[in-house]
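Novice: Here it is: the structure, laid out below.
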């Protein structure tokens, strides 16, 4: 499969009521360091995500650096990363990169 089908990536930072401030710190720092689009901090489960989360939209040319930074700076938070190819089910189920716990997503939305 040709990697040119990857439009961009999402890095999702998972958190809960005890780690929301840490997630905000990490998300904001990553967005500023790499000029990434930072989504809303969802203090409820949204979409397929089994925990509260925030999404960073990562262009292909920034992915390696952003992912490397996240591996060193996640401070114990679970990180879920996937490409965006247009096939949401495969992107979330088969092409995922996990840091920390591997959680079960609700794939029924696909």
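Novice: Using Cβ counts within 10 Å as a stand-in for footprinting exposure, how do 46, 58 rank, fewest first?
Specialist: 46, 58
Novice: Using r as the Cβ-Cβ distance of residue 109 and residue 22, and R0 as 22 Å, what FRET efficiency do you calculate, to the nearest 0.05?
Specialist: Here the calculated transfer efficiency is 0.20.
Novice: Going by how many other Cβ atoms sit within 10 Å of their own, how do 24, 7, 44, 62 line up, fewest first?
Specialist: 44, 7, 24, 62
Novice: By counting other Cβ atoms within 10 Å of each Cβ, how are 110, 63 ranked from fewest to most?
Specialist: The order, fewest Cβ neighbours first, is 110, 63.
Novice: Explain nothing, just the number: relative contact order of the chain, from Cα pairs under 8 Å at least 6 residues apart, as a whole percent.
Specialist: Relative contact order of the chain: 33 percent.
Novice: Something else now. Can you work out the FRET efficiency for the pair residue 101 and residue 71, with r the C-beta to C-beta distance and R0 = 22 Å, to the nearest 0.05?
Specialist: 0.90
Novice: So, one more: Under the classification rounded if a/c is under 1.5, otherwise prolate if a/b is larger than b/c and oblate if not, where does the chain fall, given a ≥ b ≥ c as square roots of the Cα gyration tensor eigenvalues?
Specialist: Oblate, because a/c is 1.5 or more while a/b does not exceed b/c.
Novice: Same structure again: Highest mean first, what order results for 8-19, 32-43, 98-109 on Cβ atoms within 10 Å?
Specialist: 8-19, 32-43, 98-109
Bear in mind these aren't lab numbers, they're just calculated from the coordinates by the rules spelled out. Everything numeric in this text was worked out from a predicted model, so none of it was measured. In this analysis, Cβ positions are derived from the backbone assuming ideal geometry, glycine residues included, and neighbour counts consider all displayed protein chains.
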